[in-house]
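Below is one structure, written out as structure tokens; the observations come after it.
Quick note: the coordinates plus some simple rules give every number you see, no bench work behind them. Remember, predicted model here, so these are calculated numbers, not experimental data. Backbone-built Cβ (ideal geometry, glycine too); neighbour counts: all protein chains shown.
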Amino acid sequence: MIHVIAFYLFAVMTIASGAITILSRNPVHSVLWLILAFFNAAGLMILVGAEFIAMLLVIVYVGAVAVLFLFVVMMLDIDFAELRAGFVKNFPLGMLVAIVLLAEMVLGIGAYKTGALQLGAPDGTAAQPAGTSNIEAIGALLYSRYLFLFEAAGLILLVAMIGAIVLTHRQRGDTRGQKISKQISRRPDEATVNVKPEVGKGVSL
Amino acid sequence: MTAFFQTLGMSYEWAWFVATICGILLIALPLLLGVAMIIYADRKIWAAMALRRGPNVVGPFGLLQSFADGLKVFLQETIVPSAANKGIFLIAPVVTFTVALMAWAVIPFNSGAVLADINVGLLYVLAISSLGVYGTIMAGWASNSKYPFFSAMRASAQMISYEVSIGFILICVVLWAGTFNMNDIVKAQEGHVLGIFNGFVFNPLLFPMWVMFLISSLAETQRAPFDLTEAESELVAGYQTEYSSMAFAAYWLGEYANVLLMCALNATLFWGGWLPPLDIPVLYLVPGFVWFLLKVLFFFFVFSWVKATVPRYRYDQLMRLGWKVFLPVSLGFVVVVSGYLMLTRYAV
């Protein structure tokens, strides 16, 4: 009973907040609704017993990605009218993306239902061996069968990170960096000077 | 507790539901009371270190000061600035307050006395604490005022930065404990060093992690010396400048609930939670709850102590400490700890 109520609550909230994300006029509101959608999706994950994935969803998407979204959207001075003007022009492209996503989902679920993938029973039960926790099950699979894919994913992320740093980092000639070791090693007797200036004359430091 | 409600003739599901609601109330209400008292304690400790008396008028020894403040704030008018984004402005304190209470669900108060005994307890804490940013950032943006916005930017950058190193520190603990379950993490600390010291902090490899965790938790909760978000000489009063009445009180309570949470995490992850500090049978006569409470209060005293004695950091120093010192060192320790465990525990 509670399971059913929770499922419909999370599912309805996910879909509704997803819809409001693209419908709301204020981009900051959009991002906040998107966060609610992520959060409810995490709730759905918990209901099917994938608590590890749910926590990662919250930590990675809500805790990191969405915060950056929010930062960017808040900082940008967006002209909403101009943003809406491109709707008709971009409509075919949007439809294409939507169709591709739908096809992928149908393919994925279809493959899962026919049992071509060794993910567990097609009815969604027993997705992990009984007696092991989520983390152990995923870890055992990730570090044995999918080790090279996992490492490749890590490598791609590293390359992306370095690429982002290289793109945004620029060396400017006029910046004066701080030398922390110099700051810390300063002592009062070398940092301060006692002078006795004569009346009417300045002090040269 | 579920079993008790089942004896009253409820079905398992409803008994579980009612038991969980009761558990939430049993944690949240004493916690709020504790927060009120801890605010008083904070002011008293701070006053004592500055050779002042602190609150001493309301009630015996000023014990009721927090409640008087609460009543005063409650009777004030809630002012929403006309330029504010009303909906988000009003939701933001609720988010902060709720998130501050949510993480307590997985804190074990005694052996097995935990509301949600889940496998991913520590990850849950990380997930919830990463939500804390939103209350701040929403308040700063929705206020539509420049100082709150600056402060919110500072606060969220600070919280995100220190969450990264806290994550790596927690990974070290998890590696050693071999589990994400908070209750099992406490159990893994029983007789951890030489069979007599309960707590990861006595482990030479994890002691530096504890020091870093203490400093990071100060930064994470925006306590002094990292309270740059409310640096009054630069930013008026921080991201809650525009707030009044209960919305302001929600921030206040949420902030202190977060501080208590960090103290509780410190006690649970490094000092053996509800275990006594030494693995001696006599000490087990004292209930585990008392040990846990004593540890939490001790760490709160440390927090107040730091607040009263350490001058505020500069913002660039704060960022440098987070990204250039703590992050590489904690990352290095993850490698060292896992290497050590591979050599000793999982030797092939």
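How far apart, in nanometres, would the label points at residue B:116 and residue A:176 be if each is projected 7 angstrom from Cα along the Cα-to-Cβ direction?
Each label point lies 7 Å from its Cα, and together they span 5.2 nm.
To test your reading of the geometry: what angle, between 0 and 90 degrees and rounded to tens, separates the Cα axis of helix B:12-49 from the longest principal axis of chain B?
70
Using a Gaussian network model on chain A with a 10 Å cutoff between Cα atoms, which of A:26, A:194, A:134 fluctuates the most?
A:194
At residue B:233 and residue A:100, where each label point lies 7 Å from the Cα along Cα→Cβ, what is the point-to-point distance in nanometres?
That separation, rounded to one decimal, is 5.5 nm.
For chain B, find the longest principal axis of its Cα atoms and tell me its angle to the long axis of helix B:146-177, 0 to 90°, nearest 10.
10
Once you average over the residues of A:54-64, how many Cβ atoms of partner chains fall within 10 Å of each Cβ?
Counting Cβ atoms of other protein chains within 10 Å of each residue's Cβ and averaging gives 6.
Take chain A, connect every pair of alpha-carbon atoms lying under 10 Å apart with a spring to form a Gaussian network, then pick out the residue of A:108, A:173, A:86 with the largest mean-square fluctuation.
A:173
Tell me what the protein assembly as shown gives for mean residue ellipticity at 222 nm when only DSSP H runs of n ≥ 4 count, each as -39,500 (n - 2.57), the sum divided by the residue total, rounded to 500 deg cm²/dmol.
It comes out at -21500 deg cm²/dmol, rounded to the nearest 500.
Quick one: compute the contact order of chain B, relative version, from alpha carbon pairs under 8 angstrom and 6+ residues apart, as a percent.
Numbers: 507 pairs, mean separation 75.2, N = 348.
Reported relative contact order: 22 percent.
Just to be sure I understand the rule: take each whole DSSP H helix in chain A, project its Cα atoms onto its long axis, keep it if the span is 24 Å or more and its mean Kyte-Doolittle hydropathy is at least 1.0. Which ones pass?
Details: long enough: A:2-23 (31 Å, 2.10); A:27-47 (30 Å, 1.85); A:87-114 (39 Å, 1.43); A:147-168 (32 Å, 2.47).
Helices passing the filter in chain A: A:2-23, A:27-47, A:87-114, A:147-168.
Which one of B:243, B:197, B:183 is farthest out on the positive end of the charge dipole of the stretch B:167-273, using unit charges on Cβ (Lys, Arg +1; Asp, Glu -1) and the Cα centre as origin?
Final value for the positive-end residue is B:197.
Remind me, relative contact order of chain A in percent, using alpha carbon pairs under 8 angstrom and six or more residues apart?
On the way: 91 pairs, mean separation 22.4, N = 205.
Taking the mean separation of contacting Cα pairs over the length of chain A, I get 11 percent.
Name the longest site-free stretch of chain B, where the excluded sites are trypsin sites (Lys or Arg not before Pro) in a DSSP loop with no more than 16 other beta-carbon atoms within 10 Å.
B:54-311
Say each of residue A:189 and residue B:29 gets a label point 7 Å from the Cα, pointing the same way as Cα to Cβ; how far apart are those two points in nm?
Modelled inter-label distance: 6.5 nm.
What pairs from B:187/B:324; B:44/B:86; B:72/B:146; A:179/B:307; B:44/B:295 go past 30 Å between their alpha carbons?
Table pairs above 30 Å Cα-Cα are B:187/B:324; B:44/B:86.
Have a look at B:127, B:308, B:249 and tell me which one the Gaussian network model of chain B (Cα, springs below 10 Å) gives the largest fluctuation.
It is B:127.
With everything on Cα atoms, drop me the angle between helix B:86-102 and the longest principal axis of chain B, reported from 0 to 90° to the nearest 10.
Roughly 30 degrees, rounded to the nearest 10.
Based on the Cβ-Cβ distance from residue B:4 to residue A:4, what FRET efficiency comes out when R0 is 30 Å, to the nearest 0.05?
For R0 = 30 Å, the calculated efficiency reads 0.75.
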